[in-house]
Amino acid sequence: TPTPTPAGQIGPVAFAPDVNPLTGETVLDPRVLNRRPLAIKISNFPPCVRPQSGLSLADLVFEHYAEGGATRFTALFLSHDARKVGSIRSARLIDLELPAMYHSLFAFSGASDGVLNRLKEADFKDWIISPEFEPGHPALYRVPKESLPEDCQEQEHTLFTGADRLWADADKKGINARQALTGMAFNPQPPPRGQTAASLTVAYTAAYVRWNYDAEVGRYFRYADGRTHMDALTRTPITAANVIVIFVHHQTTDIREDFVGYDPRTKSGGSYSLEIQLWGAGPALVYRDGQMYRVTWLRQDRSGVLGLVDASTGRLFPLKPGNTWFELVNLDSPLSQPNAGSWKVAPTTPTPMP
């Protein structure tokens, strides 16, 4: 006998034409779902790049270690036309996975030779929008350095785009069709057996992240290095209906990302690219409605979205309808509870290359 679908559940298949399969929310104009999701690489270091533009309008955001303890974002858009997004930065190995999972376009600028070579061979290479693939791409533009904070006027911080520009480019290329995105489940009603979670701290080495739950609005508010994390485009705080900590193996590779600290005599030092092995399965923590749940993340095939399974029921774990932030941390990162209702994850860093 088939297991009955829990009352109120949305997804994981047969989403209504006006329901965003990445958020479980009903959209005002169903036509916005008749396009391919869009992944954009966004900077988070140095701190002067904050506030970034457009993050609050993303349906999904993945935060991950780049190198040197700094984090970077891959933000996925579908239901909102963010008119300004950025600053745009270089791709990492994790970006060989996310566009395949969500069948998305992928916009970035720059990459190490090793990462770029793999992107040029990727099964989604025709969905990439980047100066490395099309020099001088009109969908990407630079803002005057003088418009940026005085300590953040390097050329690498000046590149921006707009989701509307990227989708228009995809329309011209004939690659902007609606995608069959199944695998995520949602339910406005929180599941039982959660643990109180008024706050979550993710102590990345060079990015101290805190999420505080606001019961009045039913969302987690993001703080970066002790300050409210704002969106420069919307001029609103960044919030999330769901925050998910994904514990996943980080493997240091031989792809060199930079030469900081490099010793030419010993040919040692510098930073190497991390392969975040987001395939198979592993532990995860879901924070929604002021509660924490221990679940298992699952990615069964390359083109499948990240699923979450409730071990106690064997069913997909339902997220709260709304946007989701994923915090990717190394598999052995410890979880602690400094105070009642407060949780802390201290992401470990992989052993660097010798």
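The values are calculated or read from the model by the stated rules, or taken from the named source; none is laboratory data. Note that this is a predicted model, so its numbers are computed, not measured. No Cβ is skipped: glycine too gets one built from the backbone with ideal geometry, and neighbour counts run over all protein chains shown.
List the number of the failed condition for ILE94; all other conditions in (1) part of a loop (DSSP other than H, G, I, E, B); (2) at pLDDT 95 or above; (3) farther than 18 Å from LEU166 by Cβ hold.
Of (1) part of a loop (DSSP other than H, G, I, E, B); (2) at pLDDT 95 or above; (3) farther than 18 Å from LEU166 by Cβ, only one is false for ILE94: (1).
Quick one: is ALA180 within 28 Å of GLN300 (Cβ to Cβ) and either at pLDDT below 95 or surrounded by fewer than 19 Cβ atoms within 10 Å (Cβ to Cβ) (or both)?
Working: within 28 Å of GLN300 (Cβ to Cβ): yes; either at pLDDT below 95 or surrounded by fewer than 19 Cβ atoms within 10 Å (Cβ to Cβ) (or both): yes.
In short, yes.
Just wondering, is there one or more residues in the stretch 273-287 that are modelled with pLDDT under 95, within 17 Å of GLU67 (Cβ to Cβ) and surrounded by fewer than 21 Cβ atoms within 10 Å (Cβ to Cβ)?
Yes.
So if I check each of VAL32, VAL61, VAL19, VAL27, which one is among the aliphatic types (A, V, I, L, M), under 26 Å from ALA180 (Cβ atoms), without any contact (Cβ under 8 Å) to a residue 24 or more places away in the chain and surrounded by 13 or more Cβ atoms within 10 Å (Cβ to Cβ)?
Values: VAL32 fails: without any contact (Cβ under 8 Å) to a residue 24 or more places away in the chain; VAL61 fails: without any contact (Cβ under 8 Å) to a residue 24 or more places away in the chain; VAL27 fails: without any contact (Cβ under 8 Å) to a residue 24 or more places away in the chain.
None of the other options fit; the residue is VAL19.
On the basis of being more than 23 Å from LEU316 (Cα to Cα), free of Cβ contacts under 8 Å to residues at least 60 places away in the same chain, assigned by TED's automatic domain parsing to the domain that holds LEU140 and touching a Phe, Trp or Tyr at 6+ places or on another chain (Cβ under 7 Å), does SER53 make the cut? It would help to see each step written out before you state the result.
Details: more than 23 Å from LEU316 (Cα to Cα): yes; free of Cβ contacts under 8 Å to residues at least 60 places away in the same chain: no; assigned by TED's automatic domain parsing to the domain that holds LEU140: yes; touching a Phe, Trp or Tyr at 6+ places or on another chain (Cβ under 7 Å): yes.
It is false that SER53 is more than 23 Å from LEU316 (Cα to Cα), free of Cβ contacts under 8 Å to residues at least 60 places away in the same chain, assigned by TED's automatic domain parsing to the domain that holds LEU140 and touching a Phe, Trp or Tyr at 6+ places or on another chain (Cβ under 7 Å).
Identify all residues within the stretch 192-202 that are in contact (Cβ under 8 Å) with a residue 40 or more places away in the chain and farther than 13 Å from GLY290 by Cβ; write none if there are none.
Applying the first criterion (in contact (Cβ under 8 Å) with a residue 40 or more places away in the chain) to the stretch 192-202 yields 193-202.
The answer is ARG193, THR201, VAL202.
So, in the stretch 37-58, exactly how many residues are surrounded by fewer than 20 Cβ atoms within 10 Å (Cβ to Cβ) and either of a type in the set (D, E, K, R) or assigned to a loop (DSSP other than H, G, I, E, B) (or both)?
Qualifying residue count for the region: 3.
Read through the list (1) modelled with pLDDT of 95 or more; (2) of a type outside the set (S, T, N, Q); (3) part of a loop (DSSP other than H, G, I, E, B), then give the number of the only condition that ALA7 fails.
Exception for ALA7: condition (1).
Pairs only if they're at least six apart or on different chains, beta carbon under 8 angstrom, first in the stretch 286-300 and touching a residue at least 40 places away in the same chain (Cβ under 8 Å) and under 10 Å from ARG193 (Cα atoms), second surrounded by fewer than 19 Cβ atoms within 10 Å (Cβ to Cβ) and polar (S, T, N, Q); list them, first residue then second.
Short answer, once both residue conditions are applied: GLN291/GLN195; GLN291/THR196; MET292/GLN195; MET292/THR196; TYR293/GLN195.
Any residue at all in the stretch 35-44 that is modelled with pLDDT of 95 or more, in contact with a strand residue (DSSP E or B) (Cβ under 7 Å, 6 or more places away or on another chain), among the charged types (D, E, K, R) and not assigned by TED's automatic domain parsing to the domain that holds LEU319?
Checked against the condition, which is being modelled with pLDDT of 95 or more, in contact with a strand residue (DSSP E or B) (Cβ under 7 Å, 6 or more places away or on another chain), among the charged types (D, E, K, R) and not assigned by TED's automatic domain parsing to the domain that holds LEU319, the stretch 35-44 yields at least one hit.
Any idea how many residues of the stretch 68-91 are assigned to a loop (DSSP other than H, G, I, E, B), of a type outside the set (Ser, Thr, Tyr) and surrounded by fewer than 24 Cβ atoms within 10 Å (Cβ to Cβ)? Full working, then the answer.
Of the residues in the stretch 68-91, the ones assigned to a loop (DSSP other than H, G, I, E, B) are 68-70, 78-84, 87, 89-91.
Those left that are additionally of a type outside the set (Ser, Thr, Tyr): 68-70, 78, 80-84, 89, 91.
Still in the list and also surrounded by fewer than 24 Cβ atoms within 10 Å (Cβ to Cβ): 68-70, 80-81, 83-84, 89.
Summing the residues that are assigned to a loop (DSSP other than H, G, I, E, B), of a type outside the set (Ser, Thr, Tyr) and surrounded by fewer than 24 Cβ atoms within 10 Å (Cβ to Cβ) in the stretch 68-91 gives 8.
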